[in-house]
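Asker: After the structure tokens below, expect a handful of questions from me.
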Amino acid sequence: MIENWPRTPGEAVDLQETLRHQVRTETPLTRQPRFVAGVDVAYPIAGQTVAGAVAVLDAATLNVVEIATATAPTAFEYVPGLLAFREIPVLLAALAKLSVRPDVFVCDGYGVAHPRRFGLACHFGLLTDTPAFGVAKTSFIGTHGPVGPERGDHTDLVDGGEIVGSVVRTRRNVKPVYVSAGHLIDQAGARDLALRLTREFRLPETTRAADHACRAALKAD
DNA sequence: GCGACAG
DNA sequence: ATCTTGTCGC
């Protein structure tokens, strides 16, 4: 499946249209997550080598359990809606070096809140056959009403008449984040987990750990 | 038709 | 995504 990775936007869109039907977002988490992993990719100012990281944290304590990184040449240009084709290769390379099996992945970006309902979190969850959802820092698609000022306040992200995610306030009076289910987890579950993984910062500890790890890996390369 | 557009 | 100084506030 990863051996026939798309090389052009046209091929990528076709693959998304094909795989989107396999996504399961009505499914609550099968078991309570013990290992939660954040995944992220860092890019160089110039050049084609990118670094990816998978940071596994204990869901209860949020302590880092294990971190794996990898570098790889990025073959796909950035195109809104096709982010997965740019990041998944190096993320799978990093995942291959991991010894523990995460119970759920927290991706940097969107899940079903996507033009074709198949964002990075859907694709990554499908390829790993593991629950996954996305937490994005900026808006992409959809509209939403105002979000309350307190941590935990949230409102639906709507697109094309359907709820595709939640806009969640993770810290009082701080810009909210966008949470959307990816695969094998429902919207409420993704939202709850996103909040549980967030403490004193705007973003989940999982994505923060992955972010730091891939940046360090990029610099080291 | 003209913008907007995860990272 | 990435470059980039100082600065305001807890």
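The values are calculated or read from the model by the stated rules, or taken from the named source; none is laboratory data. Owing to the predicted nature of the structure, the values given are computational and were not obtained by experimental measurement. In this analysis, Cβ positions are derived from the backbone assuming ideal geometry, glycine residues included, and neighbour counts consider all displayed protein chains.
Asker: How many residues does region A:131-147 contain that are crowded, with 18+ Cβ neighbours inside 10 Å and under 12 Å from the mean Cα position of the chain (by Cα)?
Answerer: To start, the set of residues in region A:131-147 that are crowded, with 18+ Cβ neighbours inside 10 Å comprises A:131-136, A:140-142, A:144.
Narrowing further to those that are under 12 Å from the mean Cα position of the chain (by Cα): A:131-136.
Residues that pass the stated criteria total 6.
Asker: Are there any pairs, at least 6 apart or on different chains, whose C-beta atoms fall under 9 Å, with the first in region A:183-195 and more than 15 Å from A:Arg169 (Cβ to Cβ) and in a helix (DSSP H, G or I) and the second at pLDDT 95 or above and of a type in the set (Ser, Thr, Tyr), and if so, which?
Answerer: Close Cβ pairs satisfying both conditions: A:Gln187/A:Thr25; A:Gln187/A:Ser166; A:Gln187/A:Ser180; A:Ala188/A:Ser166; A:Ala190/A:Thr25; A:Ala190/A:Ser166; A:Ala190/A:Ser180.
Asker: Right, next: Only one of (1) within 12 Å of DNA strand B (Cβ to nearest atom); (2) over 12 Å from the mean Cα position of the chain (by Cα) is not met by A:Ala121, so which one is it?
Answerer: (2)
Asker: A further question on this structure: For region A:4-121, list the strands (runs of 3 or more DSSP E) that sit wholly inside it and hold at least 3 residues that are within 13 Å of DNA strand C (Cβ to nearest atom), modelled with pLDDT of 95 or more and closer than 23 Å to A:Glu205 by Cα; which are they?
Answerer: Here the list reads A:35-42, A:49-58.
Asker: Here's a follow-up. Kindly provide the set of residues from region A:130-149 that are in a loop (DSSP other than H, G, I, E, B) and within 20 Å of A:Ala210 (Cα to Cα), ordered by number. Steps first, please.
Answerer: As a first pass, look at region A:130-149 and keep what is in a loop (DSSP other than H, G, I, E, B): A:130-131, A:137-142, A:144-149.
Passing the criteria: A:Thr130, A:Pro131, A:Lys137, A:Thr138.
Asker: Of the numbered conditions (1) touching a Ser or Thr at 6+ places or on another chain (Cβ under 7 Å); (2) surrounded by 23 or more Cβ atoms within 10 Å (Cβ to Cβ), A:Phe124 satisfies every one except a single condition; which is it?
Answerer: (1)
Asker: Quick check on my filter: what residues within region A:148-158 are among the aliphatic types (A, V, I, L, M) and buried (at least 18 other Cβ atoms within 10 Å of the Cβ)? Break it down into steps so the answer makes sense when it comes.
Answerer: Kept after step one, since they are among the aliphatic types (A, V, I, L, M), are these residues of region A:148-158: A:157-158.
Hit for region A:148-158 is A:Leu157, nothing else.
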